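Worksheet: one structure, shown below.
The values are calculated or read from the model by the stated rules, or taken from the named source; none is laboratory data. Note that the coordinates shown come from a computational prediction; the quantities given were computed from them, not determined experimentally. Quick reminder, even Gly has a Cβ in these numbers, built from the backbone with ideal geometry, and neighbours come from all protein chains shown.
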Amino acid sequence: MGVTKTDLFTEEQNELAKVAKVLAHPARIAILQYLIQSNTCINGDLVQELGLAQATISQHLRELKETGIIKGSIEGVSVNYCIDPIRWSEIQHLFETLFSGFPKIPGCC
């Protein structure tokens with residue numbers, strides 16, 4: 001496997017790529033949409049909602065949590081997950097900065 005040259009890129013470019021990679025799975029998008037809609041959720045709810053195995057859901061939750069997009073709190077034997085509003089705002093800013101850099105001029109090339 002090749003070595004990536006992340007030091008050639010800005011911190012913002014590396015962060016945006018990291019977040020984009022985590023968001024690049026439809027199950028994770030579905031999890032985020034469910035969390036946005038419900039505002040909180042118990043891990044077991046996702047199994048019923050998405051129809052994926054518990055282990056698969058847990059793996060996707062771990063990826064989202066490692067990036068800071070979601071956070072969880074333990075209540076008894078359940079873990080409640082929600083979107084971290086501060087991190088969500090940071091990610092929104094990263095993407096807005098990228099997308100707003102494109103001129104809104106009709107036609108191209």
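Scanning region 37-62 for residues that are free of Cβ contacts under 8 Å to residues at least 12 places away in the same chain and on the phi < 0 side of the Ramachandran plot returns Gln37, Ser38, Asp45, Val47, Gln48, Ala53, Gln54, Ala55, Gln59, Arg62. Tyr34 falls short of the stated requirement of being aromatic (Phe, Trp, Tyr) and either in contact (Cβ under 8 Å) with a residue 24 or more places away in the chain or at positive phi (or both).
Only residues that are modelled with pLDDT of 85 or more and not in a helix (DSSP H, G or I): list them for region 1-36, please. The answer is Phe9, Thr10, Ala24, His25. Looking only at region 1-59, which residues are among the hydroxyl-bearing types (Ser, Thr, Tyr) and under 18 Å from the mean Cα position of the chain (by Cα)? Listed by number, the residues that qualify are Tyr34, Ser38, Thr40, Thr56, Ser58.
Can you name the condition, by its number, that Leu16 falls short on among (1) surrounded by fewer than 15 Cβ atoms within 10 Å (Cβ to Cβ); (2) more than 22 Å from Ala53 (Cα to Cα)? Every condition holds for Leu16 apart from (1).
Residues of region 26-36 that are surrounded by 14 or more Cβ atoms within 10 Å (Cβ to Cβ) and over 18 Å from Ser89 (Cβ atoms): Ala27, Arg28, Ala30, Ile31, Tyr34. Only one entry in Lys65, Lys21, Lys5, Lys71 is free of Cβ contacts under 8 Å to residues at least 12 places away in the same chain and under 16 Å from Trp88 (Cα atoms), namely Lys21.
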